[in-house]
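A.B. asks: I'd like to ask you about the structure that follows.
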Amino acid sequence: MQIPALKSVTVEVLVDNFFDVFEPSRPGVVERVVPGRLKKPLVAAHGLAFWITLEKDGATSRLLLDAANSPLPLMNNIEALEHNLEEVDAVVLSHGHPDHYGGLVEILSRRQGKLPVYFHKDCYHPKLLITPRGRIGPWKLDREALVQGGAEMHENSGPALVLDQVLLTGTVEASTPYETPLPGPKRVIAGVEENDPFTDEQALVAHVQGQGLVILGGCSHPGIVNMVKYAQKLTGVQEIAAIIGGFHLTAGGPDLIRSTIQGLKELNPKILLAGHCTGFKALTQLALAFPDTFMVSCVGTKVMIGG
Ligand SMILES: [Fe+2]
Ligand SMILES: [Fe+2]
């Protein structure tokens, strides 16, 4: 599937689990914020949202990938980073967990007119988690609230283009033997709970001229290596400029962390920005395994590819 080559892609972390003022920048490629220069403090929270700027043929488009866990961190950080929601051309949901769509209705309420919202049709299945501390959920994406709020719904199941510029992979094709569904996350189909196969989670993929693919995952429940390999297969582009997102690894245990690190080494990304649900143990091992490419995804971090 041919996807257009963009001049540049900039990914700014609006909401993530982390903020660390001592995390280094990489000048011209990864910039961190200086908190004292912001008009208000940033808030870190268990959720994810990215502000993405695409440049192609002299035109600029703006996308949100995910909408955090609630309006509180999302609206606070949009204000702190001085973004204007009226400039957003579309919202993409990575998957149907509420720490990725919790602020979406609020976004719609603060804008004029319709806003295209892209997501997998399986995001509507109720979701829950079985954890050592008990059951959490179920949650369900509220279609009615989105439509009434002014969402222009774009539901897919297979590969789809967003704004004719970036690719949503659709349900991720598994190709590694080690990235298999974990026992904790469940979904409900016709009243019956089952292990969640995460058919609803998809990667957002941009192709930057002369740089390669920029691949964004929300929680990467289908496995970040599966997601990157599938993006390569769909686009025919092998070079990986950046892999960004939550990788959900610590919950899978040490074998999954080790195998995923080996898989990521074979993919050879130039930038690896991980945060959110990756988990502290996995983050520390990624930092050791990729001393030159790994960086922690903190709120306010901006990754600039191309341009
Ligand atoms: Fe998540
Ligand atoms: Fe998730």
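Quick note: the coordinates plus some simple rules give every number you see, no bench work behind them. Being a predicted model, the structure only gives us computed values, none of them experimental. Backbone-built Cβ (ideal geometry, glycine too); neighbour counts: all protein chains shown.
A.B. asks: Which ones in the range 187-211 are buried (at least 21 other Cβ atoms within 10 Å of the Cβ) and closer than 25 Å to L256 by Cα?
C.D. replies: Listed by number, the residues that qualify are R187, D196, F198, D200, E201, Q202, A203, L204, V205.
A.B. asks: Now for a separate question. Tell me which strands (runs of 3 or more DSSP E) are completely within the range 148-207 and hold 3 or more residues being more than 16 Å from ligand 1 (Cβ to nearest atom), or say none if there are none.
C.D. replies: Counting at least 3 such residues, we get 151-156, 160-162, 166-168, 192-195.
A.B. asks: Now for a separate question. When you scan the range 86-110, how many residues do you find that are of a type in the set (G, A, S), within 16 Å of ligand 1 (Cβ to nearest atom) and more than 16 Å from P222 (Cβ to Cβ)?
C.D. replies: Residues meeting the conditions: 2.
A.B. asks: I would also like to ask the following. Inside the range 162-186, can you point out the residues that are surrounded by fewer than 15 Cβ atoms within 10 Å (Cβ to Cβ) and closer than 20 Å to A206 by Cα?
C.D. replies: Correct list: D164, E173.
A.B. asks: Filter the range 19-52 for residues that are buried (at least 18 other Cβ atoms within 10 Å of the Cβ) and either without any contact (Cβ under 8 Å) to a residue 40 or more places away in the chain or part of a strand (DSSP E or B) (or both) and give the result.
C.D. replies: V30, A45, A49, F50, W51, I52
A.B. asks: Here are some residues: V9, V30, V13. Which one is among the β-branched types (V, I, T), in contact with a Ser or Thr (Cβ under 8 Å, 6 or more places away or on another chain), within 13 Å of K302 (Cβ to Cβ) and within 16 Å of ligand 1 (Cβ to nearest atom)?
C.D. replies: Only one candidate passes the filter, namely V13.
A.B. asks: In the range 77-125, what residues are of a type in the set (S, T, N, Q) and assigned to a helix (DSSP H, G or I)?
C.D. replies: N77, S109
A.B. asks: Counting only residues that are more than 25 Å from H248 (Cβ to Cβ) and either touching a helix residue (DSSP H, G or I) at 6+ places or on another chain (Cβ under 8 Å) or free of Cβ contacts under 8 Å to residues at least 24 places away in the same chain (or both), how many does the range 79-97 have?
C.D. replies: Matching residues across the range 79-97 total 3.
A.B. asks: I've got another one for you. Only one residue in E173, E194 is over 19 Å from the mean Cα position of the chain (by Cα) and more than 23 Å from D20 (Cα to Cα). Which one?
C.D. replies: E194
A.B. asks: Give me the pairs: first residue in the range 261-280 and without any contact (Cβ under 8 Å) to a residue 24 or more places away in the chain and over 16 Å from I215 (Cβ atoms), second residue away from ligand 1 (no atom under 16 Å from the Cβ) and of a type in the set (G, A, S), beta-carbon distance under 9 Å, and six or more apart or on different chains, which are they?
C.D. replies: Q262/A289
A.B. asks: For the range 43-59, name all the residues that are within 16 Å of ligand 1 (Cβ to nearest atom) and touching a helix residue (DSSP H, G or I) at 6+ places or on another chain (Cβ under 9 Å).
C.D. replies: A44, A45, H46, G47, L48, A49, listed by residue number.
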